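The values are calculated or read from the model by the stated rules, or taken from the named source; none is laboratory data. Nothing here was measured: the structure is a model prediction, and the numbers come from that model. Neighbour counts are summed over all protein chains in view; Cβ atoms, including those assigned to glycine, are modelled from backbone coordinates with ideal geometry.
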Amino acid sequence: MKKLMILATTMVLAGAVPALAHTGHAETSGFLSGLMHPIGGLDHILAMVAVGVWAALIGGKRSYLWPISFVGAMIVGFALSAVGLSVPLIEPGILASVVVLGLLVAAAAPVASSIGCAIIALFAVFHGAAHGLEAPGGSLMGYAVGFALATAGLHMVGLGFGTIATSSAGRWILRFAGGASAAGGLALAFAA
């Protein structure tokens, strides 16, 4: 119960933003835009939470290596787009990330840390490139910090779900959710 309360509190606090009625937000608009971007799209949410769930299901050093590799590679993809370099197939890559990561959660696929990092990093570049293309004018650094923190938060939510679901039934529920995420990714692909 205590773990559930900590997770719920973290999720509520992660969604809190300052009241915009006050002055002085011009400097933070890039940061706030970045913070809101990953949680503004179902595709981003599903993929990023799946990284955390998959890492928790497999366990060990993957619990921190996989989320770190996602955030790092996402920053690389962002930088590529921000400087005007073209990353091909961004939208199909993002949709593929939702499907593949959902399937990996559904299968609780145990892979070597390095292979998991490579899979996750490949997909993260697409997510980062999308962030770079959609960056608002103003502080790119603030925007990057915002979406990196939001992404890490979504990974933490996934890790939390994976950690809480230690029972056999809980793990099956998460694996079912991974399959549902993959199906959702396919639905998004056909809706586009």
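Name the single residue that is modelled with the lowest pLDDT among those in segment 66-114 being out of contact with any Lys or Arg (no Cβ under 7 Å at 6 or more places or on another chain), among the hydroxyl-bearing types (Ser, Thr, Tyr) and surrounded by 15 or more Cβ atoms within 10 Å (Cβ to Cβ). Across segment 66-114, the extreme among qualifying residues is Ser81. Against the test of being surrounded by fewer than 16 Cβ atoms within 10 Å (Cβ to Cβ) and either without any contact (Cβ under 8 Å) to a residue 40 or more places away in the chain or of a type outside the set (Ser, Thr, Tyr) (or both), the options Leu154, Leu133, Leu188, Leu140 yield a single qualifying residue, Leu133. Return yes or no: is Leu95 aliphatic (A, V, I, L, M) and closer than 26 Å to Ala56 by Cα? Yes: the conditions hold for Leu95.
Out of segment 48-61, which residues are surrounded by fewer than 22 Cβ atoms within 10 Å (Cβ to Cβ) and either touching a helix residue (DSSP H, G or I) at 6+ places or on another chain (Cβ under 7 Å) or at pLDDT 95 or above (or both)? Reasoning before the result, please.
Within segment 48-61, the first condition is being surrounded by fewer than 22 Cβ atoms within 10 Å (Cβ to Cβ), and the residues that meet it are 58-61.
Scanning segment 48-61 gives a single hit, Lys61.
If only residues of segment 161-186 that are among the hydroxyl-bearing types (Ser, Thr, Tyr) and in a helix (DSSP H, G or I) are counted, the one that is farthest from Ser97 (Cα to Cα) is Ser168.
Out of Val98, Val125, Val105, Val111, one residue alone is out of contact with any Gly (no Cβ under 8 Å at 6 or more places or on another chain) and at negative phi. It is Val111. Every condition in (1) surrounded by fewer than 16 Cβ atoms within 10 Å (Cβ to Cβ); (2) within 17 Å of the chain's Cα centre (by Cα); (3) not β-branched (Val, Ile, Thr) holds for Ser167 except the one numbered (2).
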